[in-house]
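The values are calculated or read from the model by the stated rules, or taken from the named source; none is laboratory data. All of these numbers come straight from a predicted model, not from anything done at the bench. Note that we place each Cβ from the backbone using ideal geometry, even for glycine, and neighbour counts take in every protein chain shown. These area figures cover heavy atoms from the full protein model, side chains too; ligands, DNA and RNA do not enter into them. Shrake-Rupley method; radii C 1.70, N 1.55, O 1.52, S 1.80 Å.
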Amino acid sequence: MASVGLLYVGAVLFVNAVMILGRVDPRSAGVLNLFVGAMQVVFPTILLVQAGTDTAAISFAAGIYLFGFTYLYVGIGNLAGLDSTGVGWFSLFVSFSAIVFSAVNFFDVKDYPFGVIWLSWSFLWFLFFLLLGLKRAELNDYTGWVTLANALGTTTLPAFLLLTDNYSSAGKYAVIWAVCTVVIVVGLWPLTRRGHTAGGAPAEPATGP
């Protein structure tokens, strides 16, 4: 169930990345956000019903809700033409929460690659906070490309590894994931900033992550 949800999170992040980069209309992207957001609320609810007193299962479900509510918030906001400030500030809450879930994966679950992945999500949602909550429009392109990298590297790839039973929680893979993440995040910064000289920032930020 988790791998299927992760795959479609990759899909919605891909569409949202392209939306941030100005290639997809926000209202059009809003429909997929509603679909995936609903799925990311239904799945953890099923898990909670089945979890009983299993704190690990409850914690896992709580993490999924963070993203389900994000996509529902974006979908409704885009379709209704609402201001994105609320999504931005909610993203700050998600960013800090993701750090806690990263620690849970590192020290409790012992799933080291997902410890790194949660940190990647924390950074991405912090960018959403800066872009949407604080209206830092100069970060638009950088946020869009980091979103695209996350769509492929932190959701779609691990989803397919899980679906094909090729995923490993070993620490050596976490190191590889961390190195690749740092290289991409740092490398995208100068590449996306070339066009943003003085007065060159876009007038308005994107409408959702």
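If Ala2 passes every condition in (1) modelled with pLDDT of 95 or more; (2) closer than 23 Å to Phe96 by Cβ; (3) within 16 Å of the chain's Cα centre (by Cα) but one, which one does it miss? Only one criterion is unmet by Ala2, namely (1). Taken as a whole, the structure places Tyr65 among residues that are within 30 Å of Lys172 (Cα to Cα), open to solvent by 40 Å² or more (accessible area, probe 1.4 Å), in a helix (DSSP H, G or I) and among the hydroxyl-bearing types (Ser, Thr, Tyr). Any residue at all in region 141-161 that's in a helix (DSSP H, G or I), buried (at least 20 other Cβ atoms within 10 Å of the Cβ) and in contact with an Asp or Glu (Cβ under 9 Å, 6 or more places away or on another chain)? No, region 141-161 contains no residue that is in a helix (DSSP H, G or I), buried (at least 20 other Cβ atoms within 10 Å of the Cβ) and in contact with an Asp or Glu (Cβ under 9 Å, 6 or more places away or on another chain). Looking at the structure I just gave you, is Leu124 in a helix (DSSP H, G or I), within 15 Å of Leu13 (Cα to Cα) and touching a residue at least 12 places away in the same chain (Cβ under 8 Å)? Considered against the rule, which asks whether it is in a helix (DSSP H, G or I), within 15 Å of Leu13 (Cα to Cα) and touching a residue at least 12 places away in the same chain (Cβ under 8 Å), Leu124 comes out as yes.
The rows are residues; the columns are (1) outside any helix (DSSP H, G or I); (2) out of contact with any Pro (no Cβ under 8 Å at 6 or more places or on another chain); (3) open to solvent by less than 20 Å² (accessible area, probe 1.4 Å).
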{"position": "Met19", "(1), (2), (3)": "no, no, yes"}
{"position": "Arg23", "(1), (2), (3)": "yes, yes, no"}
{"position": "Arg27", "(1), (2), (3)": "no, yes, no"}
{"position": "Gly37", "(1), (2), (3)": "no, yes, yes"}
{"position": "Thr45", "(1), (2), (3)": "no, yes, no"}
{"position": "Ser59", "(1), (2), (3)": "no, yes, no"}
{"position": "Phe69", "(1), (2), (3)": "no, yes, no"}
{"position": "Ile99", "(1), (2), (3)": "no, yes, no"}
{"position": "Ser102", "(1), (2), (3)": "no, yes, yes"}
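With respect to the conditions (1) modelled with pLDDT of 90 or more; (2) among the hydroxyl-bearing types (Ser, Thr, Tyr); (3) within 21 Å of Lys110 (Cα to Cα), Thr53 falls short on a single one, namely (1). Within region 1-41, the residues that satisfy the criterion of being among the β-branched types (Val, Ile, Thr) and either more than 24 Å from Ser84 (Cα to Cα) or in contact (Cβ under 8 Å) with a residue 40 or more places away in the chain (or both) are Val4, Val9, Val12, Val18, Ile20, Val31.
Kindly indicate the residue of region 104-140 that is more than 21 Å from Ser59 (Cβ to Cβ) and basic (Lys, Arg) and also least open to solvent (accessible area, probe 1.4 Å) among those meeting that condition. Per the stated criteria, the residue is Lys135. So is Ser84 buried (at least 23 other Cβ atoms within 10 Å of the Cβ), among the hydroxyl-bearing types (Ser, Thr, Tyr) and within 14 Å of Leu132 (Cβ to Cβ) or not? Spelling it out, Ser84 is indeed buried (at least 23 other Cβ atoms within 10 Å of the Cβ), among the hydroxyl-bearing types (Ser, Thr, Tyr) and within 14 Å of Leu132 (Cβ to Cβ).
Of the conditions (1) modelled with pLDDT of 95 or more; (2) open to solvent by 60 Å² or more (accessible area, probe 1.4 Å); (3) more than 22 Å from Thr156 (Cβ to Cβ), Phe90 clears all except one; give me its number. With (1) modelled with pLDDT of 95 or more; (2) open to solvent by 60 Å² or more (accessible area, probe 1.4 Å); (3) more than 22 Å from Thr156 (Cβ to Cβ) applied to Phe90, the lone miss is (2).
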